[in-house]
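**Student:** Can you read through this structure? Questions will come right after.
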Amino acid sequence: DTEVTQTPKHLVMGMTNKKSLKCEQHMGHRAMYWYKQKAKKPPELMFVYSYEKLSINESVPSRFSPECPNSSLLNLHLHALQPEDSALYLCASSQVSLAQDTQYFGPGTRLTVL
Amino acid sequence: KNQVEQSPQSLIILEGKNCTLQCNYTVSPFSNLRWYKQDTGRGPVSLTIMTFSENTKSNGRYTATLDADTKQSSLHITASQLSDSASYICVVSYSFNTDKLIFGTGTRLQVFP
């Protein structure tokens, strides 16, 4: 099983809402990632979890709050977002290393902030 | 500055034809180079990953080459199919104090019947 799943597929939220994005993998990978992708741009790394600990935060605003409850699950909690945060949010996983190992991406959550 | 540049920005070809996409990088120290295929609105799918010592790697009709001396890579698609229509992203990784991935801006390929 080389699948990374993400829910929901689409999310529309107001600027005062609180919502969460979920990601799951069952490949035994110990590294998980959140990316943000705007239209016609490459993905931008947001967070890296390694062995369930946050190892990289690419200066992401605090309105995005990641959580890794266990080695298979990754959440992204959203609060007080801005319209410019509308984007495709991608989750990915790899065996251990960001630099050495192939990343497997989920299908993404299309987020629209009104 | 660590950069990955891809060309062309977009490409239109007819079904059945071959094409080659280019990737030039200035990333140092180099760890590996990856090619991803991304359908519109979907997550990227890995095609190949090559280290410094590998200069060719194939995945079905996709063949990637790497010249570490000139810091160039290419992705050759043979006998294109309509389903090859997608963005192709070149990604270079390096590991120096911290791990980093440098993404190219992609080549948008459209295959027409």
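Values quoted throughout were computed directly from the atomic coordinates according to the rules given, and no laboratory measurement underlies them. Only a predicted model underlies this, so the values are computations on that prediction, with no experimental measurement involved. With ideal geometry, Cβ positions are generated from the backbone for all residues, glycine too; neighbour counts draw on all protein chains shown.
**Student:** To one decimal place, what orientation-averaged projected area in nm² is obtained for the convex hull of the Cα set of region B:67-109?
**Tutor:** Taking the Cα atoms of region B:67-109, their convex hull projects to 4.1 nm² on average.
**Student:** Under the rule that an exposed site lies in a DSSP loop and has at most 13 other Cβ atoms within 10 Å, name the longest stretch of chain B with no trypsin sites (Lys or Arg not before Pro) of that kind, not counting the sites themselves.
**Tutor:** Of all site-free stretches, the longest is B:62-113.
**Student:** Okay, next question. On alpha carbon coordinates alone, what is the Rg over Rh value for chain A, Rh being the Kirkwood radius?
**Tutor:** Radius of gyration over Kirkwood radius for chain A works out to 0.94.
**Student:** Also, I was wondering about something else. Most exposed first by the Cβ proxy, i.e. fewest other Cβ within 10 Å, how do A:Ser71, A:Ser62, A:Ser20 rank?
**Tutor:** Going from least to most buried by this count: A:Ser62, A:Ser20, A:Ser71.
**Student:** Hey, got the dipole for region B:15-71? About the Cα centre, +1 on K and R Cβ, -1 on D and E Cβ, debye to the nearest 20?
**Tutor:** 160
**Student:** Next up: Would you kindly calculate the translational diffusion coefficient of the protein assembly as shown, applying Stokes-Einstein with the Kirkwood radius from alpha carbon pairs, for 10 °C and a viscosity of 1.306 mPa s, and quote it in µm² s⁻¹ without decimals?
**Tutor:** Taking Rh from Cα pairs, D becomes 88 µm²/s.
**Student:** If I take every Cα pair under 8 Å that is 6 or more residues apart in chain A, average their sequence separation and divide by the length, what percent do I get for the relative contact order?
**Tutor:** 37
**Student:** Given charges of +1 on the Cβ of Lys and Arg and -1 on the Cβ of Asp and Glu, with all other atoms neutral, how large is the dipole of region B:39-100 about its Cα centre, in debye to the nearest 20?
**Tutor:** 100
**Student:** Which values, in whole Å and largest first, are the semi-axes of the equivalent ellipsoid of region B:1-44 obtained as the square root of 5 times each eigenvalue of the Cα gyration tensor?
**Tutor:** 24, 14, 10
**Student:** Counting each pair of different Cα atoms once, what's the Kirkwood radius of chain B in Å, rounded to one decimal?
**Tutor:** 14.1
**Student:** Still on this structure, please answer the following. Putting +1 on Lys and Arg Cβ atoms and -1 on Asp and Glu Cβ atoms, find which of A:Val48, A:Val12, A:Ala92 reaches farthest to the positive end of the dipole of chain A.
**Tutor:** Of the candidates, A:Val12 comes out farthest on the positive side.
**Student:** Here is a follow-up. Mind putting a number on the dipole of chain A about its Cα centre? Charges go on the C-beta only, +1 for Lys and Arg and -1 for Asp and Glu, and I need it in Debye to the nearest 20.
**Tutor:** The dipole of chain A has a size of about 380 debye.
**Student:** For B:Asn32, what residues show an amide H to amide H distance below 5 Å, using hydrogens built from the backbone and excluding near sequence neighbours?
**Tutor:** B:Ser93
**Student:** Find the relative contact order for chain B and round it to a whole percent, using C-alpha pairs within less than 8 Å whose residues are 6+ positions apart.
**Tutor:** 37 percent.
**Student:** Which far-off residues, 5 or more places away or on another chain, put their amide H under 5 Å from the one on B:Gly106, with H placed in the peptide plane?
**Tutor:** So B:Gly106 has HN proximity to B:Gln6, B:Cys90.
**Student:** Return the long-range amide H neighbours of B:Glu15 (sequence gap of 5 or more, or a different chain), with a cut-off of under 5 Å between placed amide H atoms.
**Tutor:** Those lying under 5 Å, H to H, from B:Glu15 are B:Phe112.
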